[in-house]
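**Student:** Can you read through this structure? Questions will come right after.
The values are calculated or read from the model by the stated rules, or taken from the named source; none is laboratory data. Computed from a predicted model, the values in this text were never measured in an experiment. Ideal geometry is used to build each Cβ from the backbone, glycine not excepted, and the neighbour counts take in all protein chains shown. These accessible areas exclude ligands, DNA and RNA; they are computed on the full protein's heavy atoms, side chains included. Shrake-Rupley method; radii C 1.70, N 1.55, O 1.52, S 1.80 Å.
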Amino acid sequence: MSARAWKAVLDHLDEAAELAKLDGDVHRMLRTPRRLMEVSVPVRLDDGSVEVFTGWRVHHDTTRGPGKGGIRFHPDLDADEVKALAAMMTFKTALLDLPFGGAKGGVRCDPRRLSLNELERVTRRFTYEISPILGPEADIPAPDVNTDGRVMAWLMDTLSMVQGRTLPGSVTGKPLSIGGTRNHSGATSAGCLDCARAAFRELGMSLVGSRAVLQGFGKVGGPLAFLLSSAGMRVVAISDIGGAVYNEGGLDVGAVADHVAETGSVAGFGGGEPISADSIWDIECELLVPAALGGVIDTDVAERIRAQLIVEAANGPTRPEAQPVLDRRDIVVVPDILANAGGVTASYFEWAQAQQGYPWEDQVVAERLRQRMEHSFTAVWARAQTLGVGMRTAAHVVAVERVADAITARGLFP
Ligand code: NAD
């Protein structure tokens, strides 16, 4: 990603700024992240040697509220990628009308090469280094690629130790035992289903009996496959890093999950035909869900796709140059900043409960999530119709306008 990802974010911003007739000063402010902190993270490894990792925390914009965004551990991470992901969070939180700004962070490291103790030391030292800009009213991290509830618990504990008081509102996606949300990633999948349902309704199509194809069967793709199948869809193909399976009549998602739990991949699942992971793009279906990596839909793939609707569960799965191909082919795309916003919305609810010191019932969380997703989808769909543009552009226009309104209302300091 890196430089390409940052350029893609700026391109989306510039296009939205033009359509929204954004004030030039506000536009320039949004083209520059508010704050970028780069830290060195020296950590003693189990063999006694010291390795010095590099980490970042970026606040892209904090006008609408504290920074919000995940922490990623990845060997290819760089400052441009963190900037791009932070800016996407500014637009995502604005689009869902959450009282947050956009932030992101991470450490350039390969967690597969670290022991559990080393991973904990990396997390704690990194947290300490960026602690001056974190806090429940300043910036609230969450899990992202290669981080989970356990890492969030270490993060919260480190911040709490530094400040000498327990800070449950300082991170989200933490374990239930310390105030986490049941099924944090499941909220992302539930939000994707809400978007698919709303888009099918607008397109005059029925979910029941329609075919879905998924790339990725992880924290998002796995629960989503269950939800789509429970909604009456035939999940005809699923791919993951190990391969892909196809069954025209619909895969038994529960049996696929059991197979993945045993073997680590959908490859070799007996209830369908093996196909190559790349051939999922050629399968005729009503719904295609990329739920794995960024940048997978390039212009070639965009020409091959035989779906009517794409719901982007992954962040940045469609390359900017592929979007015009999808538009020309009348393939409707629910963009990532809307489609996968269920996770950050659940994070907002988790933070609100921590700040109130009052947990909500599970049904209250589920109902409020569904309402937020529906309202946001409707706002984007309506704007796309009014402007005569695709949903990605419309989503950015809605988001950029909200951030711009907040910047204008607060005025410029000093
Ligand atoms: P995960 O690591 O749990 O799962 C990723 C899945 O993608 C796995 O099934 C993996 O095998 C598959 N995959 C990896 N490389 C592949 C390849 N080359 N071809 C096919 N499949 C491949 O990750 P996740 O949490 O499910 O996240 C998936 C995407 O959703 C990411 O882009 C992430 O940024 C985005 N996302 C996740 C959340 C969340 O709540 N977890 C929220 C918003 C966005």
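**Student:** Most fluctuating residue of THR263, THR393, THR54 in a GNM of the chain with Cα springs under 10 Å: which is it?
**Tutor:** Among THR263, THR393, THR54, the largest GNM mean-square fluctuation belongs to THR263.
**Student:** Could you list which residues have their amide H under 5 Å from that of THR181, counting only those 5 or more apart in sequence or on another chain, with H placed in the peptide plane?
**Tutor:** Excluding prolines and chain starts, which carry no amide H, the hits are GLY173, LYS174.
**Student:** OK, next. Sorted by packing (mean other beta-carbon atoms within 10 Å per residue), highest first, where do 81-90, 120-129 land? Can you show the working numbers first?
**Tutor:** Numbers: 81-90: 27.7, 120-129: 21.3.
By packing density, highest mean first, the sequence is 81-90, 120-129.
**Student:** Skipping prolines and chain starts, which residues have an amide H placed within reach, meaning under 5 Å, of the one on GLY69, given they are 5 or more residues away or on another chain?
**Tutor:** ALA103, ILE140, ALA142
**Student:** Mind checking which of GLY216, THR172, SER206 is farthest towards the positive end of the range 120-238's charge dipole, using Cβ charges of +1 (Lys, Arg) and -1 (Asp, Glu) about the Cα centre?
**Tutor:** Farthest along the dipole direction, towards plus: SER206.
**Student:** Using θ = phi - 60° and the Karplus form 6.51 cos²θ - 1.76 cosθ + 1.60, what ³J(HN,Hα) does each residue of the range 272-282 get, whole Hz, x for Gly and Pro?
**Tutor:** 3J(HN,Hα) across the range 272-282, in whole Hz: x, 8, x, 9, 6, 4, 6, 6, 4, 5, 8.
**Student:** Positive end of the charge dipole of the range 61-169 (Lys, Arg +1 and Asp, Glu -1 on Cβ, about the Cα centre): tell me which of PRO141, GLY69, ASN117 has its Cα farthest that way.
**Tutor:** The listed residue farthest towards the positive side: ASN117.
**Student:** Quick query: amide H of ILE275 versus all other amide H atoms, modeled in the peptide plane; which residues come in under 5 Å with a sequence gap of 5 or more or a different chain?
**Tutor:** Here the answer is ALA244, VAL245, TYR246, since their amide H atoms fall under 5 Å of that of ILE275.
**Student:** Given Cβ point charges of +1 (Lys, Arg) and -1 (Asp, Glu) and nothing else, what value in debye, to the nearest 20, does the dipole of the range 274-331 about its Cα centre take? Kindly include the intermediate steps, with their values, before the conclusion.
**Tutor:** Details: 5 positive and 11 negative charges, 12 e Å.
It works out to roughly 60 debye.
**Student:** With springs only between Cα atoms under 10 Å apart, run a GNM on the chain and tell me which of ILE238, ILE178, ILE310 wobbles the most.
**Tutor:** In this elastic network of the chain, the residue with the biggest mean-square fluctuation among ILE238, ILE178, ILE310 is ILE178.
**Student:** Under a 10 Å cutoff between Cα atoms, tell me which one of LEU338, LEU167, LEU369 has the largest fluctuation in the Gaussian network model of the chain.
**Tutor:** For the chain, modelled as a Gaussian network with Cα springs under 10 Å, the answer is LEU167.
**Student:** On to the next question. Once both labels are modelled 7 Å past Cα along the beta-carbon direction, what's the GLU202-ASN117 spacing in nm?
**Tutor:** With each label point 7 Å from Cα toward Cβ, the separation is 5.4 nm.
**Student:** Using only the alpha-carbon atoms of the range 187-339, report the extent along each of the three principal axes, biggest first, to the nearest angstrom.
**Tutor:** Projected onto the principal axes, the Cα atoms of the range 187-339 cover 40, 29, 27 Å.
**Student:** Let me ask something else. So, in Å, what gap is there between the alpha-carbon centers of the range 1-67 and the range 204-231?
**Tutor:** Comparing the Cα centres of the range 1-67 and the range 204-231, I get a distance of 32 Å.
**Student:** Contact order normalised by length for the range 187-339, with contacts defined as Cα pairs under 8 Å and 6 or more residues apart; what percent is it? Display every interim value, and only then the final one.
**Tutor:** Details: 314 pairs, mean separation 33.0, N = 153.
Computed over the range 187-339, the figure is 22 percent.
**Student:** Same structure, new question: Keeping every protein chain present and rolling a 1.4 Å probe, give me the accessible area per residue for the chain in Å². Write out the running numbers ahead of the final one.
**Tutor:** Numbers: 17270 Å² over 414 residues.
Value returned for the chain: 42 Å² of accessible area per residue.
**Student:** Starting from the Cα of ASP46, step 7 Å along the direction of its Cβ; do the same at ARG28; then give the gap between the two resulting points in nm.
**Tutor:** Reported label-point gap for ASP46 and ARG28 is 5.3 nm.
**Student:** If you don't mind, there's one more thing I want to ask. Mind jotting down the distance between the C-alpha centroids of the range 75-133 and the range 276-325, whole Å?
**Tutor:** About 26 Å separates the Cα centre of the range 276-325 from the one of the range 75-133.
**Student:** May I pose another question? For the chain, take the convex hull of the Cα atoms, compute a quarter of its surface area, and give me that in nm², please.
**Tutor:** Details: hull surface 80.4 nm².
Result: a mean projected hull area of 20.1 nm².
**Student:** Still on this structure, please answer the following. Which length gain, in nm to one decimal place, applies between THR408 and LYS7 when the Cα-Cα distance is subtracted from 0.36 nm times their residue separation? Kindly include the intermediate steps, with their values, before the conclusion.
**Tutor:** Numbers: separation 401, 0.36 × 401 = 144.36 nm, distance 2.52 nm.
141.8 nm is the gain from fully extending THR408 to LYS7.
**Student:** Quick check: net charge around ASN340, other residues with Cβ under 12 Å of its Cβ, Lys/Arg +1 and Asp/Glu -1?
**Tutor:** Values: positive: LYS92, LYS219; negative: ASP144, ASP194, GLU312, ASP336.
So the environment of ASN340 carries a net charge of -2.
**Student:** Let me ask another. Would you mind putting 4-11, 280-287 in packing order, based on average other-beta-carbon counts within 10 Å, highest first? The partial results should precede the final answer.
**Tutor:** Details: 4-11: 18.2, 280-287: 19.8.
Descending mean neighbour count gives 280-287, 4-11.
**Student:** Please give the contour-minus-distance gain from ARG368 to SER230: 0.36 nm per residue of separation, less the Cα-Cα distance, rounded to one decimal in nm. Spell out each step's value before the answer.
**Tutor:** Numbers: separation 138, 0.36 × 138 = 49.68 nm, distance 2.08 nm.
Gain on stretching ARG368 to SER230: 47.6 nm.
**Student:** Then there's this: Is there a quick way to get the dipole size of the range 206-307? I mean about its Cα centre, with the Cβ of Lys and Arg at +1 and of Asp and Glu at -1; what is the value in debye to the nearest 20? Write out the running numbers ahead of the final one.
**Tutor:** Details: 5 positive and 13 negative charges, 59 e Å.
Using only the charged Cβ atoms, the result is roughly 280 debye.
**Student:** Could you tell me what percent of the accessible area of the range 187-339 is made up of carbon and sulfur, with a 1.4 Å probe and every protein chain present? Each step should come with its number before you reach the end.
**Tutor:** On the way: 2860 of 5760 Å².
Roughly 50 percent, rounded to a whole number.
**Student:** A further question on this structure: Could you please report the charge total around SER276, scoring K, R as +1 and D, E as -1 over all other residues with beta-carbon less than 14 angstrom from its beta-carbon?
**Tutor:** Working: positive: ARG304; negative: ASP240, GLU273, ASP278, ASP282.
Taking every other residue near SER276 into account, the sum is -3.
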